[in-house]
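Step one of this worksheet: look at the structure below.
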Amino acid sequence: MKTKLKPVKLSAKRVVAATNHAIVPLRERKLNFGDKWNYSPAPEDSKNYVIAPRHELFIGGKFVKPHSQKYFPSINPATEEKLTEISLADATDVDKAVKSARRAYDKVWSKMPGRERGKYLYRIARIIQEKARELAVLETMDGGKTIKESRDVDLPLVAAHFFYYAGWADKLKYAFPGKTPSPLGVAGQIIPWNFPLLMAAWKTAPALACGNTVVLKPAETTSLTAMRLAQIFQEAELPEGVVNIITGAGETGTALVNHPDVNKIAFTGSTEVGKAIALAVANRSRACESADNRVLTNAATKIPRLTLELGGKAANILFEDAPIDQAIEGVINGIYFNQGHVCCAGSRLFVQEGIYSKVIKKLRDRIQTLRVGNPLDKNTDIGAINSRPQLEKIRELVQSGVDEGAELTQTQCTLPARGYWFAPSFLTGVTHAHRVASEEIFGPVLSVMTFRTPEEAFERANNIPYGLSAGVWTDKGSKIFKMVNKLRAGVVWANTYNKFDPTSPFGGYKESGFGREGGLHGLAAYCRLE
Ligand code: NDP
């Protein structure tokens, strides 16, 4: 289980001191629409969707009790109410799941023609579309994200990933001209809590399309929709054992990584855990190398292939010639989307000096209009923070920013009395030496800095261990090309932000990991090409 961080409270005095300067008087607020800005509450109806009090493991196409006989609660972070109990899988369960995936691989899935595999994936995609409303509601209750986002972003993308990779299943030989693709075997996939269903789709759809079988481990705080996905696999009559879902904590993930019969590990999560996984895999290959003094091939030794999608601290670069109002919307979306629980969040804003005060004024004005509260309300912009430890981490980092001399601006909203909440915030006066300039906060907090020239902008943007994503806002196409070529980031958005599509690859450089998910690159990660 997760160790609880010592609660750190932002000192109220400090925050007030830091935010007083930031309050824009009502008469000066351009975005003050008076009573026209008030919406009636519009909560999504969650009563129609029944959540079983307990969820078992999904192994060999059936729901089975965990060997440990232990369960842990899944909490709604917006209310702190227990939603259900989730099984705690131990090493015996992991072994059972891997054996089940191996059997399904050997006997059924790897032998099935691609066009048949594709039919299953299409069927899964269509069932997801049919149940999209229910899945969106469950995702919101389990993870705290707004219904607006789970309904309009997560779920459409989940279905799109299954549709997209269903289309590739019978065309793999055209995907890689001159090469013959074959599946790798059993894929162990570990996913985080920020986009639970979407990450499950990113991982399982390409693996299945290529003929691999899967053992999936969702995050401890957000396993509910993965278990609902297991029911969808059953409804789609996916052959037994093709996908197995084991729930639990970090130890469950470790057991999966260390299992000797897994051919591929795909991980999305923190850089810290990613490094530990890379080390575990490297140690296995070193052990094989020293056994007889030569390096054996992956196939011979079952050293798993590895892809890692880790943290980020993206630079969103705003030039003087950018269309400012559109850019402000992009900055807001870049950092406050999904409460900032986004690995590619535009969490460092670099503003060209000439427009700095104008941008800050507009940002102050705009964040006041963000509606924080019940994630099931269709009007809500910012939902709940995923868990108490994550809230404590955000508070601790923001406090460090204030202590190191940055100025904090927060919305003046009233946060709900129960649940985990953090008001949308940004920090100005941030220097490169501050922790908030380089550490991933993973919350609704933006660090704002300035620059003078394009060279300074990309050098400062790149001067960080991460390299996942970046954004550029300018009127000049030539400047976009210059910046895109210089920015060391896996994804660079120009005059937009946080746009995702199953056809485009996603992944990082440096401590943001390696390997790509999405598009053709995402297929290559699950094939042996000879
Ligand atoms: P983790 O990296 O700890 O968790 C990601 C997944 O890995 C979860 O399923 C987790 O299980 C599992 N896991 C944890 N420890 C191990 C291990 N030793 N071996 C194998 N699997 C393991 O991220 P957290 O969820 O704790 O978040 C911490 C920080 O990570 C965030 O604050 C954020 O900075 C970053 N993060 C980055 C994400 C990204 O998309 N790049 C996504 C999520 C987090 P369990 O949930 O049970 O601990």
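The values are calculated or read from the model by the stated rules, or taken from the named source; none is laboratory data. Quantities reported herein were computed from a predicted structural model and do not represent experimental measurements. Glycine also receives a Cβ, built like all others from the backbone with ideal geometry; neighbour counts cover every protein chain displayed. Side chains are part of the model used for accessible areas, which takes the heavy atoms of the whole protein and leaves out ligands, DNA and RNA. Shrake-Rupley method; radii C 1.70, N 1.55, O 1.52, S 1.80 Å.
Relative to the Cα centre, the charge distribution of the chain, modelled as +1 at Lys and Arg Cβ and -1 at Asp and Glu Cβ, gives a dipole magnitude of about 500 debye.
Take every DSSP beta bridge whose two residues both sit in the chain; close to 35 percent of them are antiparallel.
Among Lys62/Lys173; Lys65/Lys96; Lys486/Lys510, which pairs are too far apart, with a Cα-Cα distance over 22 Å? Checking Cα-Cα distances, Lys62/Lys173 exceed 22 Å. Kindly state, to the nearest 0.05, the FRET efficiency for Glu237 paired with Lys358, given R0 = 51 Å and r defined as their beta-carbon distance. Calculated transfer efficiency: 0.30. Computed extension length for Asn379-Ala52: 114.9 nm, one decimal, from 0.36 nm per residue of separation with the Cα-Cα distance subtracted. Counted over all Cα-Cα pairs of the range 387-530, pairs farther apart than 17 Å make up 70 percent. Its Cα centre serving as origin, the range 111-228 has a Cβ charge dipole (Lys and Arg +1, Asp and Glu -1) of approximately 540 debye.
Positive-end ranking of Met112, Ala78, Ala166 along the dipole of the chain, with charges on Cβ about the Cα centre, is headed by Met112. Taking amide H as placed 1.01 Å from N in the peptide plane, the amide H of Phe451 sits under 5 Å from that of Val351, Gln352, Glu353, each at least 5 places away or on another chain. On full extension, the segment bounded by Lys119 and Phe72 gains 13.3 nm, given 0.36 nm per residue less the C-alpha separation. About the centre of its Cα atoms, the range 370-507 shows a dipole size close to 320 debye [charges on the beta carbon of Lys, Arg (+1) and Asp, Glu (-1) only; nearest 20 debye]. Note on the range 309-442: Rg/Rh from C-alpha atoms, Kirkwood Rh, equals 0.94. Given R₀ = 60 Å, FRET efficiency for Ser285-Ser478 by Cβ-Cβ distance, to 0.05? The computed FRET efficiency comes out at 0.85. Computed as a quarter of the hull surface, the mean projected area of the alpha carbon convex hull for the range 82-154 stands at 7.0 nm². Computed from phi, the 3J(HN,Hα) profile of the range 368-380 under the Karplus parametrisation 6.51, -1.76, 1.60 (θ = phi - 60°) reads 5, 8, 6, 9, 9, x, 2, x, 7, 7, 5, 8, 6 Hz, with x in place of Gly and Pro.
For the chain, averaging the sequence separation of C-alpha pairs within contact (under 8 Å, six or more residues apart) and dividing by the residue count gives a relative contact order of 19 percent.
Couplings for the range 94-111, taken from phi via the Karplus curve 6.51 cos²θ - 1.76 cosθ + 1.60 with θ = phi - 60°, read 4, 4, 4, 5, 5, 4, 5, 5, 5, 4, 5, 5, 5, 8, 10, 5, 6, 8 Hz in order; Gly and Pro are left as x. Relative to its Kirkwood radius, the Cα radius of gyration of the range 475-530 gives an Rg/Rh of 1.05. Shape index of the chain: Rg/Rh, with Rg the Cα radius of gyration and Rh the Kirkwood radius from the inverse mean 1/r over Cα pairs, equals 0.97. Shape analysis of the range 115-200 based on the Cα gyration tensor places the equivalent ellipsoid semi-axes at 29, 15, 10 Å, largest first. Computed from the C-beta positions of Thr414 and Glu320 and an R0 of 25 Å, the FRET efficiency is 0.10 to the nearest 0.05. Surface composition of the range 393-473: carbon plus sulfur atoms hold 47% of the accessible area, using a 1.4 angstrom probe and ignoring ligands, DNA and RNA.
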